[in-house]
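Derivation of every value follows stated rules applied to the coordinates shown; laboratory data play no part. Please read these numbers as outputs of a predicted model, since none were measured by experiment. Cβ sites come from the backbone with ideal geometry, for glycine too, and all protein chains shown count toward neighbours.
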Amino acid sequence: MKFRVLATARSFCNTPGPHLSYLRDNDCQLDLRAQAQPLSATQLSQLIPGYDGVILGLDDCNSSVLKQADKLKVISRYGVGVDKVDLAVAASRGIVVTNTPGTNTIAVAELTVALIYALARNIPQVANAARSGSWQRELGWELFGKTLGLIGFGAIGQEVALRLAASGMTVLAYDPYFQGEVNGVQISALQALIKSANIISLHAALTPDTHKLISRERLAQMKDGSYLINTARGGLVDEEALFDALKSGKLAGAAMDAFVQEPPIDNPLLRLDNFIATPHIGATTREAVARMSLLAAHNLLDVLTGKANPHIVNQALLNAAKEKS
Ligand code: NAD
């Protein structure tokens with residue numbers, strides 16, 4: 001076999017499908033190391049030497065890991081977000097980083113919509129109570145006629161907009177890089193959106209600019225009794241400030257699929273009745289896993305065999321590093 005390839009993403013490793021045979025049939029010796037939790041930098045540093053390519057989930061691939069990557073040519077991210085990979089250091093070492101845009105858009109959009117309905121009608125709380133013999137009816141809210149604010153208006157944000165505009169919501173969206181128009185959506189300034197939305201849903205990439213975008217100050221500016229949903233990345237929200245806003249009743253509820261620390265052991269948010277946590281299942285549908293797996297495998301092999309690939313996320317950094325040397 002010509003290429004040594006490591007895969008850590010759990011559903012990539014554990015789901016049978018053409019992604020595995022595609023790599024094995026094309027000169028890849030595939031080491032499947034499915035991990036229950038994303039690997040720490042220390043764990044990944046120990047594994048990575050000797051591999052030509054890696055298919056990573058949400059593992060911490062920082063500069064110290066990349067220094068141990070003695071043969072690595074490609075990091076194929078199994079998913080969209082690349083916030084766990086040091087793109088600049090990868091480029092300085094000539095390592096190409098790819099991702100799988102569009103493969104899990106519908107899955108995350110559908111989870112977001114489900115969480116919004118679950119918050120509005122208190123579904124987890126009443127379902128749990130009913131199981132333990134309580135027949136208490138909680139008054140909920142209809143989404144019809146309310147205002148939804150989307151922060152981040154890329155692939156997932158737009159799919160959420162489509163679905164909730166059809167539910168009769170007014171949809172506002174903030175995204176400094178979005179250009180164009182989408183039927184039924186009003187592009188808004190961030191401040192105006194924060195102040196007027198009944199429900200705010202986060203769909204921005206995690207970058208230095210969006211880190212703690214939902215700060216204590218912005219939470220204070222949200223409408224009394226409003227809701228926050230985060231199916232993007234944990235770092236977008238000041239979790240301590242969110243805890244205070246939920247505890248005081250400033251916010252009526254919140255739901256998150258992504259946390260700063262995963263799993264969120266001892267996170268006080270998990271003790272609040274008006275908080276719903278899901279274990280980063282945004283992309284965990286059969287359809288999304290099949291699409292992500294196949295695209296991650298194709299991206300990896302394209303780079304290893306020198307083929308052009310449209311999903312390289314650090315091309316500008318690679319070009320700059322090449323010019324420098
Ligand atoms: P995308 O790249 O299509 O959209 C991200 C959007 O964020 C872009 O439109 C970009 O312009 C916008 N953005 C960047 N900086 C911003 C800022 N300062 N303020 C507001 N918006 C800003 O990606 P996507 O497929 O829509 O995914 C969105 C995010 O969802 C990803 O970055 C990823 O972190 C997260 N995600 C989570 C799961 C999950 O399992 N929960 C799965 C897939 C993606």
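Some points to look at:
- Inter-label distance, nm, simple model (7 Å from Cα along the C-beta direction), Gln46/Ser196: 5.5
- Around Thr15: net Lys/Arg minus Asp/Glu count, Cβ-Cβ under 13 Å: +2
- Loop-exposed chymotrypsin sites (Phe, Trp or Tyr not before Pro) per DSSP, neighbour cap 11 Cβ within 10 angstrom, longest uninterrupted part of the chain: 178-325
- Tilt relative to the chain, helix 155-165 - C-alpha long axis, 0 to 90 degrees, to 10: 20
- Computed with the Debye formula from one identical point scatterer per Cα of the chain, without solvent, the log10 of I(q)/I(0) at q = 0.14, 0.15 Å⁻¹ comes to -1.10, -1.21.
- Mean Cα-pair separation over length for segment 211-325, i.e. relative contact order, pairs under 8 Å, 6 or more apart, %: 20
- Over the chain: helical MRE at 222 nm, DSSP H runs n ≥ 4 each giving -39500 (n - 2.57), nearest 500: -10500 deg cm²/dmol
- Cα-centre dipole for the chain with unit charges at Cβ (Lys and Arg positive, Asp and Glu negative), debye to 20: 280
- Residue with peak Gaussian network fluctuation, the chain [Cα springs, cutoff 10 Å], from Val113, Val126, Val171: Val126
- Listed residues Gln46, Pro124, Leu228: farthest to the positive end of the dipole of the chain (Cβ charges): Gln46
- Sites excluded, GluC sites (Glu not before Pro) in DSSP loops with at most 15 other C-beta within 10 Å, longest stretch of the chain: 182-325
- Gained length - Leu272 relative to Lys71, 0.36 nm times residue gap less alpha-carbon distance: 67.7 nm
- Sites count as exposed loop sites when they are trypsin sites (Lys or Arg not before Pro), lie in a DSSP loop, and have at most 10 other Cβ atoms within 10 angstrom; the longest stretch of the chain without one is 138-306.
- With the alpha-carbon atoms of segment 105-277 aligned to their principal axes, the span from lowest to highest coordinate is 51, 33, 29 Å, starting with the largest.
- Signed unit charges on C-beta, dipole axis of segment 105-277, positive-most listed residue Leu213, Ser248, Leu111: Ser248
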